[in-house]
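The values are calculated or read from the model by the stated rules, or taken from the named source; none is laboratory data. The structure presented is a predicted model; accordingly, all values stated were derived computationally and were not measured. Every residue, glycine among them, receives a Cβ derived from its backbone with ideal geometry; neighbour counts consider all protein chains shown.
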Amino acid sequence: MISLNFKKYKLHLFISAVYFILYVLNNNFFSILTYKEHIHFIYLPAGMRFFFAAIYREDAWVGIFLGSFFAMVFLFENTSILSITFYATLSATVPILTIYAFDSFHPLGNQLENLNLKLIVSLAFVYAVTYSFFYALYGYYILGTTLSNFYRDWIATFVGDLTGSMIFLTILASQRHLILKFLRI
């Protein structure tokens, strides 16, 4: 029992660290593709969220949440704790729910053997639409952005999450045996 819990803590810490590091790298290497502080046209952490959600399902939730939470706490100025908590919850929940929804119609397989290009595009599209909509909706209703900002934020977030997700899911599909072996799954 203790070793099982320790294994989960290690997983959560690993996912959190990968998320945080990838967020910093994304900000530095793709800064030219930044729409605004929270939105990038290529957003690799979105792909990483999906990557770990596909592999670990709900076991990845805590790690994704913490990685997103700490990235925003340490890297954003003037962001309320309510906003940070909402975005971290959204970051952790949407990819896992998307995986479960798709898995009920198109099973990914225990070793993700059914992950193909059609499924990658479908998963990434549904995830990006869902996440970006809720992200922009929060900005509109809670933060009071304008309707035109709602649409621009939705589209820009969609593009960033779609590109990041497709990049990571393509890597996962093409290298799943090596990745799953490395992660000991």
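Things worth noting here:
- Some residue of segment 78-87 being over 11 Å from the mean Cα position of the chain (by Cα), hydrophobic (A, V, I, L, M, F, W, C) and surrounded by 14 or more Cβ atoms within 10 Å (Cβ to Cβ): yes
- Residue among Leu162, Leu97, Leu169 that alone is in a helix (DSSP H, G or I), under 13 Å from the mean Cα position of the chain (by Cα), more than 24 Å from Lys8 (Cα to Cα) and not β-branched (Val, Ile, Thr): Leu162
Each row is one residue, and each column tells you yes or no for (1) touching a Pro at 6+ places or on another chain (Cβ under 7 Å); (2) of a type in the set (A, V, I, L, M, F, W, C); (3) within 25 Å of Ala173 (Cβ to Cβ).
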residue: Ala54; (1), (2), (3): no, yes, yes
residue: Ala60; (1), (2), (3): no, yes, yes
residue: Phe70; (1), (2), (3): no, yes, no
residue: Ser80; (1), (2), (3): no, no, no
residue: Ser83; (1), (2), (3): no, no, no
residue: Gly109; (1), (2), (3): no, no, yes
residue: Leu112; (1), (2), (3): no, yes, yes
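- Among the candidates Arg152, Arg176, Arg184, the residue that is surrounded by fewer than 20 Cβ atoms within 10 Å (Cβ to Cβ), in a helix (DSSP H, G or I) and either at pLDDT below 85 or β-branched (Val, Ile, Thr) (or both) is uniquely Arg176.
- Complete set of residues in segment 90-106 that are small (Gly, Ala, Ser) and buried (at least 21 other Cβ atoms within 10 Å of the Cβ): Ser91, Ala92
- Lone qualifier among Gly109, Gly139 - being over 15 Å from the mean Cα position of the chain (by Cα), without any contact (Cβ under 8 Å) to a residue 40 or more places away in the chain, farther than 22 Å from Leu25 by Cα and in a loop (DSSP other than H, G, I, E, B): Gly109
- Sole residue being at pLDDT 85 or above and either β-branched (Val, Ile, Thr) or more than 26 Å from Lys8 (Cα to Cα) (or both), chosen from Ile81, Ile32: Ile81
- Considering only residues in segment 38-66 that are among the hydrophobic types (A, V, I, L, M, F, W, C) and without any contact (Cβ under 8 Å) to a residue 60 or more places away in the chain, the one that is surrounded by the most Cβ atoms within 10 Å (Cβ to Cβ) turns out to be Ile64.
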